[in-house]
Amino acid sequence: MLPEKKPTPALTNSQRAALYIETFAPVAREEMRQYKIPASITLAQGLLESGFGQGRLAVEANNHFGIKCHQSWTGKTITHDDDRKGECFRVYDNPRESYRDHSLFLKNRSRYAFLFKYSPQNYKAWARGLKKAGYATDPKYPEKLIQLIDRFDLTRFDAKGKVRKSSIETPTIDKNTKTITVQQGDTLYGLARKHGIEVEALMRKNRLKENAIYPGQVLILPQK
């Protein structure tokens, strides 16, 4: 008789956040380098708007910032209930496009122009300024961003040079849990075959609804 398999514990929000930050911090830092938007703000918005990468818009539309269609958008769209039922949101081919569009969304709209007078290190001014400019309707939006930045020490990504280590909880569930980072050219089938696991098991473990993956994405390997 085979031994009974113990269920793998679900990731906590802190663990999901750690995986999200590990995946997208390099992207946020690159956006800061090009557009002077604090990486801490970009990451906090991504964490909040995407539900740590697990929200419907993030999963089905690669939309990590809740950016709506607006009249200028000519790409794919998805409807989602937000302030009103069935609102139109943008769909991206991958999350990196979402991060770049977020930067351009802030940089190219006059109502956000005053934000760029703030230092990229002044994340509190940026958080409050986003609310003032009308980015979100939630009156507690600035406080939520600031709490995420402080909780996960996101200001370390605003610093130039080497990023200091953080004491936030790592995504490790137990000593046997292993993760892999997707590289350019990787496919879900190829990774599953390389590690001797089934594609379906890899998808279930990471709650993937489709087999599309992207460079920099962190995947948890199921135990054999």
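The values are calculated or read from the model by the stated rules, or taken from the named source; none is laboratory data. Everything quoted here is computed from the prediction, not taken from an experiment. We place every Cβ from the backbone using ideal geometry, glycine too, and count neighbours over all the protein chains shown.
Descriptive notes on the structure:
- Count of segment 33-90 residues which are farther than 28 Å from Arg151 by Cβ and among the small types (Gly, Ala, Ser): 3
Let's see how each residue does on (1) without any contact (Cβ under 8 Å) to a residue 40 or more places away in the chain; (2) closer than 19 Å to Thr42 by Cα:
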position: Ala61; (1), (2): yes, yes
position: Phe65; (1), (2): no, yes
position: Lys68; (1), (2): yes, yes
position: Trp73; (1), (2): yes, no
position: Lys76; (1), (2): yes, no
position: Asp81; (1), (2): yes, no
position: Arg84; (1), (2): yes, no
position: Phe89; (1), (2): yes, yes
position: Asn94; (1), (2): no, yes
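- Matching residues, segment 57-76, being of a type outside the set (Asp, Glu) and within 19 Å of the chain's Cα centre (by Cα): Leu57, Ala58, Val59, Ala61, Asn62, Asn63, His64, Phe65, Gly66, Ile67, Lys68
- Residue ranges of helices (runs of 4 or more DSSP H) in segment 45-153 with at least 3 members touching a His at 6+ places or on another chain (Cβ under 8 Å) and either at negative phi or surrounded by fewer than 14 Cβ atoms within 10 Å (Cβ to Cβ) (or both): 56-61, 95-107
Condition check ((1) in the same structural domain as Ser50 (by TED's automatic domain parsing); (2) modelled with pLDDT of 95 or more) across all residues:
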| position | (1), (2) |
| --- | --- |
| Arg100 | yes, yes |
| Ala113 | yes, yes |
| Pro120 | yes, no |
| Arg128 | yes, yes |
| Leu145 | yes, yes |
| Arg164 | no, no |
| Ser167 | no, no |
| Gly185 | no, no |
